[in-house]
Amino acid sequence: MDRWRPQASGRARVPALYGSGGKQSHCTSSGPRAKGFAITAAEPSSSCPRSQPSSTACTSRQMLSERCSPMSAISRLQTMYDLFNAHPAPNERVARTIDAWQERTNLRLPRALRDFYATECTISLGLGKSPWVLPTNELWAEFSQVPPPTLDELLSNIVDAHSSRPHALFSQWDMLPLPTQNPLAWIETDVMRVWHGFVELDGSDDPPVWVHCRDSTHASTGWTRATEDHGPVDSNCFSSFMYMLVATSYVADQSPWSFFGPETDWSTWDDGSEFAYDTMSELVKPYENGLWLRAREPSSAGVMDLLLKSFPAGQRWDLAGDVATHEFLPEQGRIWVTIERPESGGISSWWIYAWTADRLFELAQPLWNFETLAGTLHADHGSAQAVLKRLSDHA
């Protein structure tokens, strides 16, 4: 398949939003990029990924929905695919590389990390263009200031974590003593290098994440567990951590870098007109206004009946593992629901988006009392959080 993207000769992976208009990194404690994380320490460093206060209420059912529960046939990265407006498919070549590494080292790559590297995402560009196709980890990097480690780097980090060769960052950045006896493998560092994220290799499919932070004087402030807004301590898994990092940077003006970065060559598209820019933005980043709600909850046999009665149906995409994504196209919005067979005790993953806050409220209202959605719907940005509170107040 032809893989098209605007060319960016010599494009740096860290052009840094600081370099254009003075915009802030998502690693700082001020500005819109800072939303999305809470730190379990009582007094978190202002440099660490943390959340801004929110008026959104958290129910016990919502907390349960955010936990890093055992993996189902639906990937824990499904919400990330929804955000990217992408259709996932296994990358067999990368899967074989991982299988060979596991056999050679007698180690195991947790499934959530395997999905992150061994899944290929396809984004339709329409307008006669070939789809944009690239691995999840590379697509994630398109919306982030700092890319994650390559697969080779990650596998090497895991081998080192299980051996007597601790990561060089541990001594270089005064990270000792470590917060757990389980091996820690590095996965991400913010653009200002004030925090570093590590997965704890505890044998789970979606392992916990620990973050080491430094204060404004670069002195170590120790280790903390990063969690989603309003989530319990055990929601700090890899999939949630990586999703929240990219969900906060998704609204940045220059992402994805291949299309809107400072070195993008728009002559490969057309004359770089405002029409072309806006059109491409709608195709590669349709949810830039932040008005989306998401949920992950037990699948129900009545879900399709409710959706078909409430909204016009769009396309259906069959995924691996007896899973399908169903699209619904209400006016001025979009709903994606990825469903695992209810009879198998499966999971459903929800994505509800609208052009305006009022329209998001109208789309979510008929779904609010379905099963446990009132407790599992989650918002990532202030505008959608206000809608969620409004839904709760009107219940």
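The values are calculated or read from the model by the stated rules, or taken from the named source; none is laboratory data. For clarity, every value in this text was computed on a predicted model and none was experimentally measured. Please note: Cβ atoms are built from the backbone with ideal geometry, for glycine as well, and neighbour counts cover all protein chains shown.
Enumerate the strands (runs of 3 or more DSSP E) found wholly within the range 166-255, keeping only those where 1 or more residues are among the polar types (S, T, N, Q) and at pLDDT 75 or above.
Ranges flagged: 184-189, 220-228.
So which pairs qualify, if the first residue must be in the range 353-373 and part of a loop (DSSP other than H, G, I, E, B), the second must be modelled with pLDDT under 95 and among the charged types (D, E, K, R), the Cβ gap must be under 8 Å, and the two must be at least 6 apart or on different chains?
Glu371/Glu297; Thr372/Arg61; Thr372/Glu297
Consider the range 163-195. How many of its residues are without any contact (Cβ under 8 Å) to a residue 40 or more places away in the chain and either in contact with a Lys or Arg (Cβ under 9 Å, 6 or more places away or on another chain) or under 26 Å from Ala73 (Cα atoms) (or both)?
2
Which members of the range 76-94 meet the condition of being in a helix (DSSP H, G or I) and within 21 Å of the chain's Cα centre (by Cα)?
Selection gives Gln78, Thr79, Met80, Tyr81, Asp82, Leu83, Val94.
Just checking, does the range 52-70 include any residue being of a type in the set (Val, Ile, Thr), part of a loop (DSSP other than H, G, I, E, B), over 30 Å from Lys389 (Cα atoms) and modelled with pLDDT under 90?
Within the range 52-70, not a single residue is of a type in the set (Val, Ile, Thr), part of a loop (DSSP other than H, G, I, E, B), over 30 Å from Lys389 (Cα atoms) and modelled with pLDDT under 90.
Since Ala86 meets every condition but one in (1) modelled with pLDDT of 95 or more; (2) in contact with a helix residue (DSSP H, G or I) (Cβ under 8 Å, 6 or more places away or on another chain); (3) not polar (S, T, N, Q), which condition does it not meet?
Single failed check for Ala86: (1).
(1) of a type outside the set (A, V, I, L, M, F, W, C); (2) under 12 Å from Thr180 (Cβ atoms); (3) without any contact (Cβ under 8 Å) to a residue 40 or more places away in the chain: which one isn't true of Arg225, the others all being true?
(3)
Would you be able to tell me the number of residues in the range 118-140 that are over 14 Å from Val284 (Cα atoms) and small (Gly, Ala, Ser)?
2
The rows are residues; the columns are (1) crowded, with 17+ Cβ neighbours inside 10 Å; (2) of a type in the set (A, V, I, L, M).
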| residue | (1), (2) |
| --- | --- |
| Leu109 | yes, yes |
| Trp132 | yes, no |
| Phe143 | yes, no |
| Pro149 | yes, no |
| Asp152 | no, no |
| Leu176 | no, yes |
| Thr180 | no, no |
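For the range 114-153, enumerate the residues that are among the aliphatic types (A, V, I, L, M) and either farther than 18 Å from Ile98 by Cα or modelled with pLDDT under 95 (or both).
Result: Ile123, Leu125, Leu127, Val133, Leu134, Leu139, Ala141, Val146.
Condition check ((1) in a loop (DSSP other than H, G, I, E, B); (2) under 17 Å from Phe84 (Cβ atoms); (3) modelled with pLDDT of 95 or more) across all residues:
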site	(1), (2), (3)
Ala301	yes, no, no
Met304	no, no, no
Lys309	no, no, no
Trp317	no, yes, no
Pro330	yes, no, yes
Arg334	no, yes, yes
Thr338	no, yes, no
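Out of the residues in the range 123-149 that are in contact (Cβ under 8 Å) with a residue 60 or more places away in the chain and polar (S, T, N, Q), which is farthest from Asp190 (Cα to Cα)?
Ser130
Evaluate the range 161-168: report whether one residue or more is over 14 Å from the mean Cα position of the chain (by Cα), of a type in the set (Lys, Arg) and under 23 Å from Ser258 (Cα atoms).
No; the residues of the range 161-168 include none that is over 14 Å from the mean Cα position of the chain (by Cα), of a type in the set (Lys, Arg) and under 23 Å from Ser258 (Cα atoms).
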